[in-house]
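Chemist: What follows is a structure written as structure tokens; I'll ask about it next.
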Amino acid sequence: MLQKIALSENDTKEYPKYGLYAYGEGQYTEKLRNMQFNGIPVLFVPGNSGSYKQVRSLASVALRKARDSRSPFHFNFFTADLNEEHSALFGGVLSEQTRFISICINRILSLYAKNRNSPQSVLLFGHSMGGMVAKGVFLEPTFVPGSVNTVLTLATPHASPVMMLDPYVASYYQKVNSFWEVGDSNRLLISVGGGHRDLLVRSGLTLEGNISTLSTAVPAVWVSADHLCILWCKQLVLSLARALFDSVDSKTKLLSNDPQIIYEAFNYHLLNRNFGKRVASAFYPSNTDFDKEGEWREYLRRQFTVKETHLKKPVYIMVRIVPNDLKHEFVSIEAIGIERRDWVYGCNADLVYKHVRMCETGMNLSNFTKFVPSLMKRRKSVTFNLHSLKKQGFSHVVVRVPPSSNEVVLNIDVFSRQERILQVNSLPSIYSRSPVDVVEVTSVGALYYQLQLPTLEKAWHAANLVFEANCAAQNHHAVATLATDWSSEDSHAFVTSSVSQSLPLKLHLLRPNGIEKSEISHVTLQLDPACTYNVKIEPSPAMILGQLVRFYAPQLPAYLVAVLLLALRAQLNGVAEGQTCIAFHSAIASGSKPYFLMPILKVSVHILRLGPVAKIFPSSDWILLYSQGLDMFFLPLILYCVASFAAYVFGLAIWIAVVVWGTTANKILVRFISRSIFGGFRWSEWVLGTFAKLPWAVAFLLVALAYATCGALALAAGLCFYFLLVVKMYEEYLEELLKVPLRLIKGQRTEIWGRSETFLSELHFHCTGLLLWAVTTGLHAPCALAWARAFPFETRLSPDPSLAAALALCVCAPVLWQRQMPRQYLKHGQEMSGILFGVAALGLIFAPVSLYRLSPFLVAAFMMVCLQQLMAKQILPIPEPSAPAATAAIMEKAETEEEPPADKEKQS
């Protein structure tokens, strides 16, 4: 049940789109209706297009846990209704949402004012962009210090937005991240990402905070979750609920005022859980006295397995530490069926009791235990450097198997570094076809292998690790885990009797600049000792391509704009020399070659990194790319080639739309205007024809539409009109082609192709203009979505980052939509060519990440082209005399010179 919480009258008027609700079920429903709150407050902040009802998953689990465990405390979950706004696409709502959340915090705390033990803080729980809004609350003037100490986020892009589509989201991120970069021991940020299944938010962007991890690395979760499913993933929700309960002070029955206690609770459940479901159960005593009457065993083999059932007394398995023996350098122990917390120790076997050598006491080493990802039974393991333990004075590692009626299995493997810790110096390239054999056959009885991958550090480094089992056992189990030393982003693959998976070798967070070279990626193989395995790394072009798309696809719009501007430049260069405007695809082939642009781009980026230059110019996006490890030498060339292909496809799509759907769209619009405006009269064709002849009237209407609603809507309407205008031009071109036979019959040969080429030249130019207008509209499409979402509450979008671009293009429209465009032999043709080239280069320097900067560059290009076409004078070339006329002039001159003088006198 969701109960709406009333806000003050002023707040309700100021934020009519938003609301505050409280969630309850079962025995808490009646208290909720009576506005009686005596629990611990948690406020859920939904993200991009998120619903306030998404709080139900964690809230329901937490309430049922409090009820079933008969806990003396419970949590009150509140949730903010943010109108399901597209906060990831339109940053103009972020500041407003943040102010509202600050008001909600104060209102929630006021609900507990009459309680004897009232809470002083609220835990904020944010999903997606809701996590950024929760972080931004600390900067609000109405925020009360201490009212929020912990922020928990799921799938929140902390490092940077997925796509920076407007200046408001860029400003918001810069402001919030600058505040959080200054550490404060009184606040905590806990972040969980979804892994490779989250296709909306790249998980590398989520790995920031005091505790940051992916769901694949959370103990007992070990699965990836998509962007929405992360809210409903049962394993993860249970871990979060347990962490919340462990964060409560047992005396006050409220969230602890000590951030270290909250940190330890979430650190245990999200990163280092190695025993029970409570943090208190994981505190290990340092020393333990052993039972002399227990059964003590010492095996001399380096690899062995112990299976026991129905034990009536404890069994102690001793592993001898042999000094200075490389074959006894490490030991890995896997336990199945041992449920006790304390189970592995280091000791000095200096006691002989009943002719048996044993240890009297031991140092508890169980805190080094780690859960092993498993599809069958619960497994835990430890790995020790035996030589290091010897330096501490131990002679043996002892495993204690307690009395139990269940089956207990111990797998023990003693090995050397050279034998099991292998370094893979290179991964298969994208051109490779054959796999790389890492281990042809694992050692018999081997339990542990580690593959070090020092070259796995860039986005395009990707491959598949395949390990195949050769085993006669029916229930064998093996797991491979990829991990990095700089982040918690483990991923796993299993090989069992019924499952055979390959492990994707790819990164979510690239190797940061400036870290130690010793910090690398590595794969840990936890094998079944009853089997042998073949381990190899196979090339995966599809995975490499997927990584490139995941990391670099948001930069493609900048390169697409550059290609379009260079194509327009090639068309205008030909027109300036008196040629007809070439086709768009020909312009891409001839004018969009990267030979000149790419070197200028690389040189400019390096110059802008210099200290004195960096202080003068705005910050280049390449500095951000370099800091995230996304810069590479051939990156611009690859993206430019992809953008050229995309531009070719979009140009083809425009032509297909004009040819195939143009007439249909025109008829639909004519019918719509006829029925909706003129009540069925067939005046609509006359209206469209009039608007086509008077583009300034359409521009005036678009300006009015932009001011009344939003600029993006005016751009979309202008795009539709421009499309219909191009369709009309295409129809006139077809009509001109149909008149060719009649002119041939009449003998009008000089007019046959002249007018057709003129029509075609104009059509080519306007198709390019239509495509540039479409790209501009697409960059501002999120503004139209935000306006549509807020329309029931306000008819005009505020703030509107698309308004300036819409007004500028509407001013250019009366010139741009002239059918006689482009004019030939205009002055300043070379200057215009240089301007378009410079605008394309500036877009690639300053806007590959900050996509909102592309719109001003496009608008500037439109305005400069229109100014030249409107104001520049034509410089017509002096026509050279044709060959017949020149011959006649020469013959006339010769005849004049040959006349005799007498004839000249007679004539005079």
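Chemist: Hey, any hits in the stretch 42-50 for a residue that's closer than 23 Å to VAL169 by Cα, open to solvent by 10 Å² or more (accessible area, probe 1.4 Å), hydroxyl-bearing (Ser, Thr, Tyr) and without any contact (Cβ under 8 Å) to a residue 60 or more places away in the chain?
Modeler: Scanning the stretch 42-50, I find at least one residue that is closer than 23 Å to VAL169 by Cα, open to solvent by 10 Å² or more (accessible area, probe 1.4 Å), hydroxyl-bearing (Ser, Thr, Tyr) and without any contact (Cβ under 8 Å) to a residue 60 or more places away in the chain, so the answer is yes.
Chemist: List the helices (runs of 4 or more DSSP H) inside the stretch 1-93, counting only whole elements, that have at least 3 residues being closer than 26 Å to CYS229 by Cα. So that I can check it myself, show each step before the final result.
Modeler: Details: elements: 9-14, 29-33, 56-68.
Correct list: 56-68.
Chemist: Checking LEU240 against (1) aliphatic (A, V, I, L, M); (2) modelled with pLDDT of 95 or more; (3) open to solvent by 10 Å² or more (accessible area, probe 1.4 Å): exactly one of these is not met. Which one?
Modeler: (3) is the only condition that LEU240 fails.
Chemist: To continue, here is another question. Write out, first by first residue and then by second, each pair whose Cβ atoms fall under 8 Å of each other, whose residues are 6+ apart or on separate chains, and whose first residue, in the stretch 815-835, is under 24 Å from VAL726 (Cβ atoms) and aliphatic (A, V, I, L, M) while the second is part of a loop (DSSP other than H, G, I, E, B) and open to solvent by less than 60 Å² (accessible area, probe 1.4 Å).
Modeler: VAL815/MET821; LEU826/ALA872
Chemist: Of all residues in the stretch 297-309, how many are open to solvent by 70 Å² or more (accessible area, probe 1.4 Å), modelled with pLDDT of 90 or more and within 25 Å of PHE394 (Cα to Cα)?
Modeler: Of the residues in the stretch 297-309, 1 are open to solvent by 70 Å² or more (accessible area, probe 1.4 Å), modelled with pLDDT of 90 or more and within 25 Å of PHE394 (Cα to Cα).
Chemist: Among LEU601, LEU610, which is the only one that is over 21 Å from the mean Cα position of the chain (by Cα) and open to solvent by less than 20 Å² (accessible area, probe 1.4 Å)?
Modeler: LEU601
Chemist: Taking the stretch 157-182 as the search range and keeping residues that are among the charged types (D, E, K, R) and in contact with a helix residue (DSSP H, G or I) (Cβ under 8 Å, 6 or more places away or on another chain), which one is most open to solvent (accessible area, probe 1.4 Å)? Reasoning before the result, please.
Modeler: Step one: of the stretch 157-182, the residues among the charged types (D, E, K, R) are 166, 175, 181.
Those left that are additionally in contact with a helix residue (DSSP H, G or I) (Cβ under 8 Å, 6 or more places away or on another chain): 166, 175.
On the way: ASP166: 5, LYS175: 92 Å².
Only one residue fits best here, namely LYS175.
Chemist: Let me ask something additional. Check off (1) under 19 Å from the mean Cα position of the chain (by Cα); (2) open to solvent by less than 70 Å² (accessible area, probe 1.4 Å) for TYR626 and give me the number that stays unchecked.
Modeler: Tallying (1) under 19 Å from the mean Cα position of the chain (by Cα); (2) open to solvent by less than 70 Å² (accessible area, probe 1.4 Å), TYR626 fails exactly one: (2).
Chemist: Quick check on the stretch 586-593. Is at least one of its residues closer than 19 Å to VAL561 by Cβ, modelled with pLDDT of 85 or more, among the small types (Gly, Ala, Ser) and open to solvent by 60 Å² or more (accessible area, probe 1.4 Å)?
Modeler: Yes, that holds for at least one residue.
Chemist: All but one of (1) in a helix (DSSP H, G or I); (2) surrounded by fewer than 19 Cβ atoms within 10 Å (Cβ to Cβ); (3) in contact with an Asp or Glu (Cβ under 8 Å, 6 or more places away or on another chain); (4) not aromatic (Phe, Trp, Tyr) hold for GLN820; state the number of the condition that does not hold.
Modeler: (1)
Chemist: Next up: What are the residues in the stretch 302-358 that are touching a helix residue (DSSP H, G or I) at 6+ places or on another chain (Cβ under 6 Å) and β-branched (Val, Ile, Thr), if any?
Modeler: ILE321, VAL322, VAL331, VAL344
Chemist: Moving to a separate point now. Going residue by residue through the stretch 292-302, is there one that turns out to be farther than 28 Å from LEU236 by Cα, touching a residue at least 12 places away in the same chain (Cβ under 8 Å) and touching a Cys at 6+ places or on another chain (Cβ under 8 Å)?
Modeler: No, the conditions are met nowhere in the stretch 292-302.
Chemist: Still on this structure, please answer the following. Being without any contact (Cβ under 8 Å) to a residue 24 or more places away in the chain, under 16 Å from ILE845 (Cβ atoms), open to solvent by less than 80 Å² (accessible area, probe 1.4 Å) and among the acidic types (Asp, Glu) is the requirement here; does ASP621 meet it? Lay out the reasoning, then the answer.
Modeler: Values: without any contact (Cβ under 8 Å) to a residue 24 or more places away in the chain: no; under 16 Å from ILE845 (Cβ atoms): yes; open to solvent by less than 80 Å² (accessible area, probe 1.4 Å): yes; among the acidic types (Asp, Glu): yes.
So ASP621 fails the test.
Chemist: Quick one: in the stretch 286-296, of everything that is open to solvent by 50 Å² or more (accessible area, probe 1.4 Å) and part of a loop (DSSP other than H, G, I, E, B), which residue is farthest from VAL401 (Cα to Cα)?
Modeler: Going through the qualifying residues, I end up with SER286.
Chemist: From SER332, SER281, grab the single residue that is small (Gly, Ala, Ser) and either modelled with pLDDT of 90 or more or touching a Pro at 6+ places or on another chain (Cβ under 9 Å) (or both).
Modeler: Being small (Gly, Ala, Ser) and either modelled with pLDDT of 90 or more or touching a Pro at 6+ places or on another chain (Cβ under 9 Å) (or both) holds for just one of SER332, SER281, which is SER332.
Chemist: Filter the stretch 779-807 for residues that are of a type in the set (A, V, I, L, M), surrounded by fewer than 24 Cβ atoms within 10 Å (Cβ to Cβ) and under 12 Å from ALA714 (Cβ atoms) and give the result.
Modeler: Result: ALA784, LEU803, ALA804, LEU807.
Chemist: Going by the structure shown, is TYR640 touching a helix residue (DSSP H, G or I) at 6+ places or on another chain (Cβ under 7 Å), open to solvent by 80 Å² or more (accessible area, probe 1.4 Å) and at pLDDT 60 or above?
Modeler: no
Chemist: I'd like the residue in the stretch 404-421 that is buried (at least 20 other Cβ atoms within 10 Å of the Cβ) and not hydrophobic (A, V, I, L, M, F, W, C) and, out of all such residues, is farthest from LEU300 (Cα to Cα).
Modeler: ARG420
Chemist: Kindly indicate whether LYS175 is among the basic types (Lys, Arg), over 24 Å from the mean Cα position of the chain (by Cα) and over 21 Å from ASN83 (Cα atoms).
Modeler: no
Chemist: Another one. What number of residues within the stretch 606-644 satisfy the criterion of being more than 20 Å from TYR559 (Cβ to Cβ) and of a type outside the set (Gly, Ala, Ser)?
Modeler: Here the count works out to 8.
Chemist: Another question, if that's okay. Please specify each residue of the stretch 153-193 satisfying the condition of being assigned to a loop (DSSP other than H, G, I, E, B) and more than 18 Å from LEU94 (Cα to Cα).
Modeler: The answer is VAL182, GLY183, ASP184, SER185, ASN186, ARG187.
Chemist: Exactly one condition in (1) crowded, with 16+ Cβ neighbours inside 10 Å; (2) of a type in the set (S, T, N, Q); (3) more than 15 Å from PRO504 (Cβ to Cβ) is not met by ASN425; state its number.
Modeler: With respect to (1) crowded, with 16+ Cβ neighbours inside 10 Å; (2) of a type in the set (S, T, N, Q); (3) more than 15 Å from PRO504 (Cβ to Cβ), ASN425 is out only on (1).
Chemist: Inside the stretch 823-849, can you point out the residues that are polar (S, T, N, Q) and buried (at least 22 other Cβ atoms within 10 Å of the Cβ)?
Modeler: none
Chemist: Only residues that are touching a residue at least 12 places away in the same chain (Cβ under 8 Å) and surrounded by 13 or more Cβ atoms within 10 Å (Cβ to Cβ): list them for the stretch 2-15, please.
Modeler: LEU2, GLN3, ILE5, LEU7, ASP11, TYR15
Chemist: Just one of the numbered conditions (1) more than 30 Å from the chain's Cα centre (by Cα); (2) of a type outside the set (S, T, N, Q); (3) closer than 30 Å to ALA790 by Cα; (4) at pLDDT 80 or above is not true of ILE668; which one?
Modeler: (4)
Chemist: Would you check if there is a residue in the stretch 226-233 being open to solvent by less than 40 Å² (accessible area, probe 1.4 Å) and of a type in the set (Asp, Glu)?
Modeler: Scanning the stretch 226-233, I find no residue that is open to solvent by less than 40 Å² (accessible area, probe 1.4 Å) and of a type in the set (Asp, Glu), so the answer is no.
Chemist: Further, regarding this structure: Name the residues in the stretch 494-509 that are crowded, with 22+ Cβ neighbours inside 10 Å and closer than 18 Å to PRO529 by Cα, would you?
Modeler: Matches in the stretch 494-509: VAL495 only.
Chemist: Another one. Give the stretch 384-403 a look and list any residue that's assigned to a strand (DSSP E or B) and open to solvent by less than 30 Å² (accessible area, probe 1.4 Å), or say none.
Modeler: Matches in the stretch 384-403: PHE384, HIS396, VAL397, VAL398, VAL399, VAL401.
Chemist: For SER684, indicate whether it is open to solvent by less than 50 Å² (accessible area, probe 1.4 Å), at pLDDT 90 or above and polar (S, T, N, Q).
Modeler: For SER684, the condition - open to solvent by less than 50 Å² (accessible area, probe 1.4 Å), at pLDDT 90 or above and polar (S, T, N, Q) - is not met.
The values are calculated or read from the model by the stated rules, or taken from the named source; none is laboratory data. None of the values given here were measured: they were computed from a predicted structure. FYI the Cβ positions are ideal-geometry reconstructions off the backbone, even for glycines, and counts take in every protein chain you see. We work out accessible area using only protein heavy atoms, side chains counted, and drop any ligands, DNA or RNA first. Shrake-Rupley method; radii C 1.70, N 1.55, O 1.52, S 1.80 Å.
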